[in-house]
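Q: This is the structure I want to talk about, given as C-alpha cells.
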Amino acid sequence: MECPSVVLSEGAAIGLFRLLPWHLKGKARLGRLLFKRSLKRTDVLIKDKYGSVFKVPSMQEPMSQSLLINGMYEPLTVELVLPPLLGHLKV
C-alpha cells in the first residue's frame, strides 16, 4: 500500500483559514468551496492544530473536512474536554 506523499493543512491558505473561529457561520461551506480540489483526494494525511497527523481514506467524509477546515474534529467537545485535562496549559 502506497503512503500519501502530501500532508494537507501545511499550505498558507489552509493555515490562514484555520485562524477564523470554528463557530463562524458559513465557515464549513466556504471551506468546502475554497478547497474543492483537495476534497476530491483519497488516502490523505492531515495535520491537526495540535500537530497530530491523521491518515484519512477520503476527503468526502465530514470528519476529514472538519480536520482540514478547523484543524480539529468536534471543536466544541475538544474545547470542553481538553482544558480540564491539561490543567494550566493553554490550549
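The values are calculated or read from the model by the stated rules, or taken from the named source; none is laboratory data. The structure presented is a predicted model; accordingly, all values stated were derived computationally and were not measured. For neighbour counting, all protein chains shown are included, and Cβ atoms are generated from backbone atoms with ideal geometry for every residue, glycine included.
Q: Could you say whether any residue in the range 78-90 is among the small types (Gly, Ala, Ser) and farther than 22 Å from Arg37 by Cβ?
A: Within the range 78-90, one or more residues are among the small types (Gly, Ala, Ser) and farther than 22 Å from Arg37 by Cβ.
Q: Here is a further query. Mind listing whichever residues of the range 12-40 are touching a helix residue (DSSP H, G or I) at 6+ places or on another chain (Cβ under 9 Å) and not hydrophobic (A, V, I, L, M, F, W, C)?
A: Arg18, Pro21, His23, Lys27, Gly31, Arg32, Ser38
Q: Out of everything in the range 41-84 that is within 14 Å of Gly15 (Cα to Cα) and basic (Lys, Arg), what residue ends up being modelled with the highest pLDDT?
A: Out of the qualifying residues, it is Lys47.
Q: If I ask for residues that are of a type in the set (A, V, I, L, M, F, W, C) and modelled with pLDDT of 90 or more, which ones from the range 17-34 would you list?
A: Restricting attention to the range 17-34, the residues satisfying the condition of being of a type in the set (A, V, I, L, M, F, W, C) are 17, 19-20, 22, 24, 28, 30, 33-34.
If the condition is that a residue be of a type in the set (A, V, I, L, M, F, W, C) and modelled with pLDDT of 90 or more, then Phe17, Leu19, Leu20, Leu24, Ala28, Leu30, Leu33, Leu34 are the ones that fit.
Q: Against the condition on the phi > 0 side of the Ramachandran plot, surrounded by 11 or more Cβ atoms within 10 Å (Cβ to Cβ) and either at pLDDT below 90 or touching a Ser or Thr at 6+ places or on another chain (Cβ under 9 Å) (or both), how does Ser38 come out, does it pass?
A: no
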